[in-house]
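Worksheet: the structure to be examined is printed underneath.
The values are calculated or read from the model by the stated rules, or taken from the named source; none is laboratory data. In this text the structure is predicted, and so the values were computed from the model without any measurement. Note that we place each Cβ from the backbone using ideal geometry, even for glycine, and neighbour counts take in every protein chain shown. Ligands, DNA and RNA are stripped out before the accessible areas are found, and what is left, the full protein with its side chains, is counted by its heavy atoms. Shrake-Rupley method; radii C 1.70, N 1.55, O 1.52, S 1.80 Å.
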Amino acid sequence: MNILLLGSGGREHALAWSIAKSRHTKKLFIAPGNPGTAEIGSNISLDVTDHPAVIAFCHENAIDLVVVGPEAPLVAGIVDDLSEAGIPAFGPRKAPAQLEGSKSFTKALCDEFNIPTAAYARFTEAEPALHYIRARGAPIVVKADGLAAGKGVVVAETIAEAENAIRMIFSGQFGAAGAAVVIEDFLTGEEASFFALSDGETAIALASAQDHKRVFDGDTGPNTGGMGAYSPAPVVTPEIADRVMREIINPTVAGLKARGTPYQGVLYAGLMIGKDGPKLIEYNARFGDPECQVLMPRLESDVVELLMATVEGRLATQQPVWRDDAALTVVMAARGYPGNVEKGSRIRNIDAANAIEGVTVFHAGTREVDGEIVANGGRVLTVTAIAPTIRKARAHAYEAVNKIDWPEGFSRTDIGWRAIARENG
Ligand code: AMP
Ligand code: GLY
């Protein structure tokens, strides 16, 4: 098969790495890709927002499957347009991608189909929102309704903080995403990510992972896209995983089907596992980044087989096989991330890091200039290791991080701390 993968981050390098290993893959194109994907496939420059151009490329290159990495093209309806042109594409259409695109869409779905989540209210004006917050009390969570690149959520410890968040969201700085706010009760427990595939009718569980959203050690500092992850997440026991499928994933898939907008693609559920079981914090309509970088190394099954079964409605016959090993990834970011960063600093010794047992360095924001790799974004590399325990995976990942010669970069030093505290008992 000829496959076109859309995206350019660490997630896409991990997907490309896995797709390239498939017995089904003949040619792999990545648009736009990064220097990591260039080593295993052909990077091409295609404007992904120009759907007719993507369709034309697919026809010219006999593409059998398009895999969409990030959420923006999904929300823009790329899968609708590709499907109408007869090109199989992995990922939800525009309507069900609202699971990620709109917080209130997901909240209303939870209400309608009894999916456990935090109690909430939605407002399009500041005054009633402020009133609700004062009546409800703190801590409380304030969210811009639309896509705000992970920056539209404020977990407010005090009423004053929540009030400021309301003013910030309605100030217009989020554009259309800030036209409405969702205000939620604060949930307690341990967070985990859970991934499942849905073909519109049947959902199958993939695996769990845990992300590290704050930029600094000890889960401090501002929120980021994710500074590191590991899989599996010990908090997601087999019993919890069953409940997630039964109480959250299956009702979502059945609900979207009943509404006439079946969901085809990966469901990434952000969960809070509390005393009374799992609750849904949010859905994403794509693989997580950096969670994908720890899922793919653990996946023993052929990823293309799973992606095609999803697109063709054959998931009921699939049973993905996972390695028992744990995987852990450490993000190396440019100094200043998640704020402004400088581009262009040189990165050396990635090969030495890759030579360590079980280690794969996935590229994210990198660029090749005159045969050298330079930083070209906020999150630059994700250094992944797989080993029999999280503790060993972490040791190998950090050994690899230390081999990489990049003075302008930094990483957290405590990725995996929760799981390691558990392994320590
Ligand atoms: P979201 O973008 O909805 O995933 O929210 C970002 C982060 O805010 C989550 O990963 C949680 O750490 C936190 N968060 C969101 N909603 C809640 C909630 N209802 N209770 C507690 N924490 C939350
Ligand atoms: N790691 C968080 C995300 O992909 O949204």
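Couple of notes before you dig in:
- Looking at the range 92-141, the helices (runs of 4 or more DSSP H) lying wholly inside it that each contain 2 or more residues that are out of contact with any Gly (no Cβ under 6 Å at 6 or more places or on another chain) and free of Cβ contacts under 8 Å to residues at least 60 places away in the same chain sit at 103-113, 126-136.
- Here residue 109 meets the list (1) farther than 26 Å from residue 374 by Cα; (2) open to solvent by 30 Å² or more (accessible area, probe 1.4 Å); (3) not aromatic (Phe, Trp, Tyr) almost entirely, failing just condition (2).
- Selection over the range 155-170 of residues that are at pLDDT 90 or above, under 25 Å from residue 98 (Cβ atoms) and in contact with a helix residue (DSSP H, G or I) (Cβ under 6 Å, 6 or more places away or on another chain) gives a count of 1.
- Residue in the range 381-404 that is in contact with a Ser or Thr (Cβ under 9 Å, 6 or more places away or on another chain), among the β-branched types (Val, Ile, Thr) and over 25 Å from residue 295 (Cβ atoms) present: no
- Of residues in the range 83-106 being under 14 Å from residue 184 (Cα atoms) and among the hydroxyl-bearing types (Ser, Thr, Tyr), the one surrounded by the most Cβ atoms within 10 Å (Cβ to Cβ): 106
- The lone criterion from (1) closer than 17 Å to residue 285 by Cβ; (2) at pLDDT below 95 left unmet by residue 77 is number (2).
- Filter result (near ligand 2 (Cβ under 9 Å from one of its atoms) and either among the aromatic types (Phe, Trp, Tyr) or out of contact with any helix residue (DSSP H, G or I) (no Cβ under 8 Å at 6 or more places or on another chain) (or both)) within the range 213-226: 213, 224, 225
- The residues of the range 250-283 that are open to solvent by 10 Å² or more (accessible area, probe 1.4 Å) and either touching a Cys at 6+ places or on another chain (Cβ under 7 Å) or polar (S, T, N, Q) (or both), listed by number, are 250, 261, 264.
- Qualifying residues in the range 177-205 (those that are open to solvent by 30 Å² or more (accessible area, probe 1.4 Å) and of a type in the set (Val, Ile, Thr)) - the one farthest from ligand 2 (Cβ to nearest atom): 202
- Of the listed requirements (1) open to solvent by less than 30 Å² (accessible area, probe 1.4 Å); (2) away from ligand 1 (no atom under 16 Å from the Cβ); (3) charged (D, E, K, R), residue 291 misses just one: (2).
- Matching residues, the range 206-224, being free of Cβ contacts under 8 Å to residues at least 60 places away in the same chain, out of contact with any Ser or Thr (no Cβ under 8 Å at 6 or more places or on another chain) and open to solvent by less than 60 Å² (accessible area, probe 1.4 Å): 219, 221
- Residue selected from the range 5-50 under the condition among the charged types (D, E, K, R) and assigned to a helix (DSSP H, G or I), by the criterion surrounded by the most Cβ atoms within 10 Å (Cβ to Cβ): 12
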